[in-house]
Amino acid sequence: VNVPALISRKRDGGELDRDEWAAIVGGFVAGTVAPEQMSALLMAGVIRGFTTAEAEALTEILLASGEQLDLRGLRGPVVDKHSTGGVADTTTLVVAPILAAAGVQVAKLSGPGLGHTGGTIDKLAAIPGLRTHLTIEQMLRQVGEVGIAVCAASADLAPADKRLYALRDVTGTVPSPALIASSVMSKKLAAGAPNIVLDVKAGSGGVVGDRDEARGLAELCVRLGAAHGRRVRCLVTDMRQPLGVAVGNALEVRAAIEVLAGRGDRRLQQVAVALAQAGLDLVAEAAEPVRAEEVLASGAALEAFRKWIHGQGGPDADPEDLAKRLPAAPVRRAVTASAPGTVAGVDPRAIGELAVTLGAGRRHPSDVIDPAVGIILDVRIGDPVGAGDRLATIHAATETAADAAAGQLVGAIELTDGPPPQPPALVVDEVGPDPA
Ligand code: URA
């Protein structure tokens with residue numbers, strides 16, 4: 001193919017057909033299309049837009065680049081759950097046990113944290129002994145035995161997406177609905193579940209900025225799933241501030257256990273229940289629908305969590321005891337308000353970046369995560385605060401790291417002395433499973 005001609009066509013607002021995309025993505029993976037050519041093409045598409053046909057073609061090409069799991073051996077309903085990525089977004093650790101407690105199997109392949117957003121695999125790795133790498137046979141056996149397996153995605157699943165995503169991450173070409181939808185859906189399709197719940201985050205802490213864009217992305221994901229015979233239900237949820245109160249791996253596991261025990265953060269609970277309900281509704285056959293909220297309140301989800309963690313190699317412990325045994329940071333530093341006011345903003349991107357700086361995430365794939373560090377937030381948008389009130393607590397490995405983070409954290413929490421801002425709604429839209 002004449003790569004410069006394809007780049008020019010895209011730059012001028014044109015469309016590439018399936019064969020052209022296959023040639024260029026294949027060439028990029030094989031090394032015959034240079035990264036600068038691929039990134040120029042992607043940037044032209046981010047700016048000029050991609051057609052639905054191009055999103056469909058890209059999804060199929062990424063999907064076909066690797067292996068595809070066959071989950072048909074599992075008896076009973078199976079749901080996968082995925083988030084486009086957020087901060088203090090610990091829903092999987094709550095949603096999966098609610099679904100399992102209601103008799104729905106969860107087979108989920110997850111990734112590590114990306115940029116400022118956390119990853120479920122890193123959170124699970126904070127639990128002593130827990131295995132995040134399972135073979136497909138181990139994964140299927142565990143789903144059959146305890147109803148849940150969440151493990152690291154193998155490098156063989158949509159490997160072309162891995163290469164493309166790494167390029168997009170460093171070339172400003174992540175925020176395109178077609179590129180995000182094809183990236184997410186190729187991996188979900190390869191992972192094999194017939195029912196998929198997607199949490200599309202809208203707001204500065206997620207991959208798309210506003211609600212309309214998030215709805216467009218959700219509609220595209222539902223459509224791409226339907227084209228492959230999958231039922232996809234998307235919730236668009238707020239990411240203008242961190243979802244829960246805990247950012248950092250062990251801190252987030254503890255926050256999830258608190259929600260499962262019925263006394264955790266209300267926002268995390270509400271979104272997790274809404275996502276679990278979406279999963280239950282996708283597979284509902286009974287005339288009497290199962291209510292996720294009731295499953296959570298009954299304590300059955302907490303028990304499902306215990307079985308899951310033990311099944312995957314973690315301690316056979318009451319989750320509340322487990323919470324006490326998780327790694328804890330040696331230094332804690334409270335950050336307080338210097339003047340009274342109302343919280344006008346809690347910048348999720350800045351908070352996520354700060355957690356990465358503390359060691360909760362990676363700047364480079366070879367960085368080693370410190371599971372204990374992170375931030376506990378005490379305030380959210382709309383909260384009144386007095387001078388000296390605590391805004392957040394930093395959990396750090398050293399005094400120096402805590403000092404540096406404290407200065408930055410103050411800048412991430414905006415106070416106003418004007419009229420109190422309206423707290424953002426949590427679930428702002430719902431799409432699927434029928435394509436629009
Ligand atoms: N998550 C993904 O897997 N891919 C994207 O493009 C964005 C978020």
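The values are calculated or read from the model by the stated rules, or taken from the named source; none is laboratory data. As the structure is a computational prediction, the values presented were derived from the model and not from experiment. We place every Cβ from the backbone using ideal geometry, glycine too, and count neighbours over all the protein chains shown. For accessibility, only protein heavy atoms count, side chains too; no ligands or nucleic acids. Shrake-Rupley method; radii C 1.70, N 1.55, O 1.52, S 1.80 Å.
Gap in Å between the Cα centre of the stretch 142-218 and the Cα centre of the stretch 313-370?
24 Å
Return a whole-number percent for the relative contact order of the chain, with Cα pairs under 8 Å and 6 or more residues apart as the contact set. Show your work: numbers first, answer last.
Details: 944 pairs, mean separation 83.9, N = 436.
Relative contact order comes out at 19 percent.
For the stretch 265-328, taking Cα atoms only, what is the radius of gyration to one decimal and the Dmax to the nearest whole Å?
Just the Cα atoms of the stretch 265-328 yield Rg and Dmax of 14.1, 46 Å.
What is the pair-distance distribution P(r) of the stretch 192-322, computed from all Cα-Cα distances in 10 Å bins starting at 0, with each bin given as a whole percent?
12, 33, 37, 18, 1
Roughly speaking, what % of Cα-Cα pairs in the stretch 91-185 are separated by over 23 Å, rounded to a whole number?
Summing the P(r) of the stretch 91-185 above 23 Å gives 33 percent of all pairs.
Compute for the stretch 356-418: radius of gyration divided by Kirkwood radius, i.e. Rg/Rh, restricted to C-alpha atoms, rounded to two decimals.
1.05
Carbon and sulfur together cover what percent of the accessible area of the chain at a 1.4 Å probe radius? It would help to have the intermediate numbers written out before the result.
On the way: 8900 of 17470 Å².
Its accessible area is 51 percent carbon and sulfur atoms.
What number, in nm² with one decimal, is the all-direction average of the projected area of the convex hull of the alpha-carbon atoms of the stretch 161-264? It would help to have the intermediate numbers written out before the result.
Details: hull surface 31.0 nm².
Computed as one quarter of the Cα hull surface, the answer is 7.7 nm².
What base-10 log of the normalised intensity I(q)/I(0) is obtained for the stretch 1-133 from the Debye formula, alpha carbons as equal point scatterers, at q = 0.09, 0.10, 0.12, 0.21 Å⁻¹?
One equal scatterer on each Cα of the stretch 1-133 leads to -0.43, -0.52, -0.70, -1.17.
Hey, what's the Kirkwood Rh for the stretch 145-222 if you take every pair of different alpha carbons, in angstrom?
Working: mean 1/r = 0.0725 Å⁻¹.
Computed over the stretch 145-222, the radius equals 13.8 Å.
Over 41 Å, how big is the tail of the calculated P(r) for the chain, in percent of all Cα pairs?
So the pairs more than 41 Å apart make up 15 percent of the total in the chain.
Given the Cα-Cα distance of ASP383 and ARG291 and 0.36 nm per residue of separation, how much length would full extension add, in nm?
30.1 nm
Local charge sum around SER183 (other residues, Cβ-Cβ under 12 Å, Lys/Arg +1, Asp/Glu -1)?
It works out to a net charge of +3.
If you average the alpha carbon positions of the stretch 108-136 and of the stretch 49-102, how far apart do those two centres end up, in angstrom?
The distance from the Cα centre of the stretch 108-136 to that of the stretch 49-102 comes to 15 Å.
Quick one: what are the phi-derived ³J(HN,Hα) couplings along the stretch 384-397, Karplus 6.51/-1.76/1.60 with θ = phi - 60°, whole Hz, x for glycine and proline?
x, 10, x, 4, x, 5, 6, 9, 6, 10, 8, 10, 10, 7
Give me the mean projected area, in nm² to one decimal, of the convex hull enclosing the Cα positions of the stretch 289-436.
Over every viewing direction, the Cα hull of the stretch 289-436 projects on average to 13.8 nm².
From the alpha carbon gyration tensor of the stretch 176-216, can you work out the equivalent ellipsoid semi-axes (sqrt of 5 times each eigenvalue) and give them in Å, largest to smallest?
21, 11, 8
On full extension of the chain, what length is gained from ILE47 through ARG390, given 0.36 nm per residue of separation minus the C-alpha to C-alpha distance?
Answer, rounded to one decimal: 119.2 nm.
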